[in-house]
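Read through the structure below, which is laid out as structure tokens, and then see the notes.
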Amino acid sequence: MRTPLPSHLGALREGLAFLRCHPLLSFGLALLAMVLAQLGPALELAAKVGPSLLIQPIFGFAGLLPLEMYFIPRLQAQLDAELRDAPANPTASWPAVFDGRWLKAFLLRLGLSVAIGLGLFCFLVPGILLLTLFGWAPMRMLLRGDSALDSLRWSQAAMARHWPRIVQAVLAMLLVALVYQIAAGWALDRLLPATDPDLGPSALLRLKHPALWVFNLLGGAMNLWLSCSLLALYHRLEAALQQPVA
């Protein structure tokens, strides 16, 4: 009888350990996430647009773009260099290596996100397959310097061999994030004044109310933990690929 392979749920705990490697940097990035999250309602007020379920996510994404585009990938590259010191991302020169890769990796991530979004919106299953098979390609390009095509091939080959335990760990991360979102939504419903149940609080209220700032700080910390946990999971996937196939 074959011995069951160990799960990768330990990546969730390792994500917290990664954040503790640089506590001041992690706290600073959480503060930055809190400030950038408030740019969404500020842009809505500047554009003089009314409450809209379509406009709010667009301005929210625009506000958080610097964090997702540059600062979180930079933290991942720094941690990877310090923990692995791989030839493709050495500890001694990781800042220069990162500067040469981060934009290409972000563009690949953006293109994949559009394709996955279209797949989820139109047919659901193709979007899930694209995310499962090619979701590691941007991180592979960022950390190991592979081309876009090689990164996509690596992600597909890796997930074809090890997808059950990887998907299990990712679903566990999403469950933690979902529980936080439900708890935060429940708390905000009781802390904020009564608002339109369909459109939520106004842009001015979201900009001024201190509870929103606190929960944006906590949400930024949650985002950092998810990013570090995904890095830990990527390290586990790399290590698993070096083992012979049973």
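Using a 1.4 angstrom probe on heavy atoms only, work out the carbon and sulfur share of the accessible area of the chain in %. List each step's numbers first, then the result.
On the way: 9810 of 13650 Å².
On the chain, the fraction of accessible area on carbon and sulfur atoms equals 72 percent.
Look at where the Cα atoms of the range 66-107 and of the range 12-47 average out, and the two centres are 18 Å apart.
What the phi angles of the range 58-64 give under the Karplus curve with 6.51, -1.76 and 1.60, with θ = phi - 60°, is a coupling list of 5, 5, x, 5, 4, x, 8 Hz, glycine and proline written as x. Within the assembled protein chains, the solvent-accessible surface assigned to PHE71 is about 80 Å², based on a 1.4 Å probe.
Can you give the accessible area per residue of the chain, in Å², using a 1.4 Å probe? Spell out each step's value before the answer.
Details: 13650 Å² over 246 residues.
Per residue, the chain has 56 Å² of solvent-accessible surface.
Across the protein chains, with a 1.4 Å probe defining accessible surface, the residues ARG165, ARG13 rank ARG13, ARG165 from largest area downward. Rolling a 1.4 Å probe over the protein chains gives MET34 an accessible area of about 30 Å².
Over the residues of the chain, the helix contribution to mean residue ellipticity at 222 nm works out to -26000 deg cm²/dmol, using -39500 (n - 2.57) for each DSSP H run of at least 4.
Summing +1 for each Lys or Arg and -1 for each Asp or Glu, what net charge is found among the other residues whose Cβ lies under 14 Å from the Cβ of PHE59?
Values: positive: LYS48, ARG206; negative: GLU44.
Its environment carries a net charge of +1.
If the segment from LEU178 to ILE58 were pulled out straight at 0.36 nm per residue, it would be longer than the present Cα-Cα gap by 41.1 nm. Taking square-rooted eigenvalues a ≥ b ≥ c of the alpha carbon gyration tensor, is the range 1-137 rounded, prolate or oblate, where a/c under 1.5 means rounded and, failing that, a/b exceeding b/c means prolate? Oblate, because a/c is 1.5 or more while a/b does not exceed b/c.
The values are calculated or read from the model by the stated rules, or taken from the named source; none is laboratory data. Because the structure is predicted, anything quoted here is derived from the model rather than measured. Neighbour counts are summed over all protein chains in view; Cβ atoms, including those assigned to glycine, are modelled from backbone coordinates with ideal geometry. What goes into the accessible areas is simple: the full protein's heavy atoms, side chains included, and nothing from ligands, DNA or RNA. Shrake-Rupley method; radii C 1.70, N 1.55, O 1.52, S 1.80 Å.
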